[in-house]
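The values are calculated or read from the model by the stated rules, or taken from the named source; none is laboratory data. All figures in this text were calculated on a predicted structure; none of them were measured in a lab. When we count neighbours, we look across all protein chains shown, and the Cβ atoms used for this are built from the backbone with ideal geometry, even at glycine. Accessible surface is based on the protein model in full, side chains and every heavy atom, while ligands, DNA and RNA are left aside. Shrake-Rupley method; radii C 1.70, N 1.55, O 1.52, S 1.80 Å.
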Amino acid sequence: QVTLVESGGGLVQAGGSLRLSCAASGRTVSSYTMGWFRQAPGKERDFVCAINWSDNSAYYEDSVVKGRFTVSRDNAKNTQYLQMNSLKPEDAADYYCAATRRAYGRVWYQYEHWGQGTQVTVSS
């Protein structure tokens, strides 16, 4: 079983930056694709980005990210990160870390393991 714990959320002004972390425990996640999703109140859980387990290639939801976010992972620490720059009020949401044994996943139901989420608030 994989347990994921996010951290790093908080309140930031528009234009600011945050770095989210997702620490995995229970099993090594070096063979898992790790993803980030976000969900605003009353809205669906949307894909943000993911990083593949086999070659560490990253892919993003461009309509969301637009070059502002960067995903990375440190397999030695069993941790993935999401660096978010130039934050906008519309980025405010609960951000979730997820893991899947699939090599590729852009939809929430493709992920087997989830963290509890960390809240990001962006003030205008």
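Strictly under 4.7 angstrom between C-beta atoms: which cysteines of the chain have no such partner?
So, 49.
Given q = 0.21, 0.23, 0.24, 0.30 Å⁻¹, what are the Debye log10 I(q)/I(0) values for the stretch 15-78, with equal point scatterers placed on the Cα positions and solvent ignored?
Here log10 of I(q) over I(0) equals -0.96, -1.08, -1.14, -1.37.
Mind ranking 33, 121, 28 by accessible surface for me, highest first, 1.4 Å probe?
Correct descending sequence by accessible area is 28, 121, 33.
Whole-Hz ³J(HN,Hα) for each residue in the stretch 8-25, computed from phi via Karplus 6.51 cos²θ - 1.76 cosθ + 1.60 with θ = phi - 60°, x for glycine and proline: what do you get?
x, x, x, 9, 9, 6, 4, x, x, 10, 9, 10, 8, 10, 9, 9, 9, 9
Could you rank 90, 112, 6, 44 by how accessible they are, 1.4 Å probe, largest area first?
Ranked from most to least accessible, the order is 44, 90, 112, 6.
Taking only C-alpha pairs under 8 Å that are 6+ residues apart, what is the relative contact order of the chain in percent?
36 percent.
Mind checking which aspartates and glutamates have their C-alpha under 19 Å from residue 77, skipping anything on the same chain fewer than 8 residues away?
6, 55
Roughly how large, in nm² to one decimal, is the mean projection of the convex hull of the alpha-carbon atoms in the chain?
Over every viewing direction, the Cα hull of the chain projects on average to 6.7 nm².
Net charge near residue 84, counting Lys/Arg +1 and Asp/Glu -1 over other residues with Cβ under 9 Å of its Cβ?
So the environment of residue 84 carries a net charge of +1.
Straight-line reach from residue 88: which aspartates and glutamates have Cα under 18 Å away, leaving out those fewer than 8 places along the same chain?
46, 61, 62
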